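Below: one structure, written as structure tokens.
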Amino acid sequence: MRPLQCSLAALGLSSLGRTEAHVHWSLEAVLRNLTLLAGDQPDPARPTPRVGYADGGELLARHAEQLLGPEPDRRAVRILVTMPREAATDVQLVDDLLAAGMDCARINCAHDGPDAWAAMIANIRRAATAKGTPCPILMDLAGPKLRTGDVAPGPAVIRVRPRRDDFGRVTAVARVWLAPGDQLPPGDADMHVPVPAAWAATLGAGDQVRFNDTRGDRRTWTVDTVAPTGAWAHADRTAYLTNGVTLHRVPQHRRARDEGELKATVGPLPASEGFLLLRAGD
């Protein structure tokens, strides 16, 4: 509406900004004046608005009083307060709201239930009677909601993948942190793969970690550096892992730690967040 309002205001006409009480009447008045400005005569067959300029204001005031109660003495607006859950049990809270100027109360039926609503209504009625002032109550019905119930968790699976350009070429390998699940990576990691602490302690720089991922694809990671709580490796190909995938350590050089476990299993991995896939027509 903004460009239209600016154009109408430039012609000295109503910008239709305050027409809530008489929309049809205002539109017809603007159209009539535009027709006259264009040098034409208004069409006598145009419909006559059922609500006129003066009628609209009177209707709006009457309907507002029916819905929200009488207009306050010292201000031009009414104060509508949404009842909190405590209004069902805290009588003093309702008394304080009325004393502070509440004109009407709103109960949000999207929360609580009939018992709580009835208790709120009883407290409002009692407080309004004691104060000697009306306090209309608006019951705001909850709108339609898409209710799905509990969403089942997804599979416990992680994906390790390098960064690629638009042509599928690797631009940066994935940084993988191999350590127990409670040992967070000491830096930015593309993926934390949980492994037993004893096995992680045997890893050395240059070692290879080989495995078959969940698709049966053979993958190899290379250990770059080791830390007190785990080891950093890099991956240049995408891999999917889940609980129980076996990792094979292939030492680069013989050393004392080579006598440790050569195999480890991935886990535990948390379940991924579940979701519902909706299609047109569902």
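Nothing charged except the Cβ atoms of Lys and Arg (+1) and of Asp and Glu (-1): what's the magnitude of the dipole of the chain about its Cα centre? Round to the nearest 20 debye.
Using Cβ point charges on Lys, Arg, Asp and Glu, the chain gives about 940 debye.
Phi angles of the stretch 64-78 translate, via the Karplus equation with coefficients 6.51, -1.76, 1.60 and θ = phi - 60°, into HN-Hα couplings of 5, 5, 5, 7, 10, x, x, 5, x, 6, 9, 8, 8, 10, 9 Hz per residue; Gly and Pro are given as x.
Run through the DSSP bridge list for the chain and note the antiparallel percent, rounded to the nearest 5. Percentage antiparallel, nearest 5: 70.
Taking θ as phi - 60° and the Karplus parameters 6.51, -1.76 and 1.60, the scalar couplings of the stretch 101-113 work out to x, 4, 9, 8, 10, 10, 10, 8, 6, 7, 10, 6, x Hz in sequence order, x denoting glycine and proline. Between THR19 and any residue 5 or more places off or on another chain, the built amide H atoms are never under 5 Å apart.
Helix-only estimate, please: 222 nm mean residue ellipticity of the chain, summing -39500 (n - 2.57) across DSSP H runs of length 4 or more and dividing by its residues, to the nearest 500.
-8000 deg cm²/dmol
Placing ILE158, ILE107 in order of accessible area, with the largest value first and a 1.4 Å probe, yields ILE158, ILE107.
Apolar share of the accessible surface for the chain: 54 percent from carbon plus sulfur atoms, 1.4 Å probe. At q = 0.13, 0.20 Å⁻¹ the log10 of I(q)/I(0) for the stretch 136-282 amounts to -0.65, -1.23, computed by Debye summation with a single uniform scatterer per C-alpha, solvent ignored.
A simple charge model with +1 on the Cβ of Lys and Arg, -1 on the Cβ of Asp and Glu and nothing else charged puts the dipole of the stretch 50-112 at about 260 debye relative to its Cα centre. If you build a Gaussian network model of the chain, linking Cα atoms that sit under 10 Å apart, which residue out of ALA45, ALA197, ALA116 swings the most? Of the options given, ALA45 has the highest mean-square fluctuation. Given the alternatives (1) 29, 25, 16; (2) 70, 33, 17; (3) 24, 22, 21, semi-axes √(5λ) of the Cα gyration tensor in Å as computed for this entry is given by (2). Think of a 1.4 Å ball rolled over the protein heavy atoms: the chain then has 65 Å² of accessible area per residue. Between ASP224 and GLY206, TRP232, ALA233, HIS234, the built amide H atoms are under 5 Å apart, and every one of these is 5 or more places off in sequence or on another chain.
Here the stretch 59-184 is treated as a Stokes sphere of Kirkwood radius computed over C-alpha pairs; at 25 °C and 0.890 mPa s its diffusion coefficient rounds to 125 µm²/s.
Per-residue accessible area (protein heavy atoms, 1.4 Å probe) orders HIS192, HIS24 as HIS24, HIS192, starting from the largest. Residue order by solvent-accessible surface for MET191, MET1, MET83 is MET1, MET191, MET83, largest first, with ligands and nucleic acids left out and a 1.4 Å probe.
The values are calculated or read from the model by the stated rules, or taken from the named source; none is laboratory data. Quick caveat, the model's predicted, so the values are computed rather than measured. Glycine gets a Cβ as well: all are built from the backbone with ideal geometry, and neighbour counts include every protein chain shown. Surface accessibility is based on the protein's heavy atoms, side chains included, excluding ligands, DNA and RNA. Shrake-Rupley method; radii C 1.70, N 1.55, O 1.52, S 1.80 Å.
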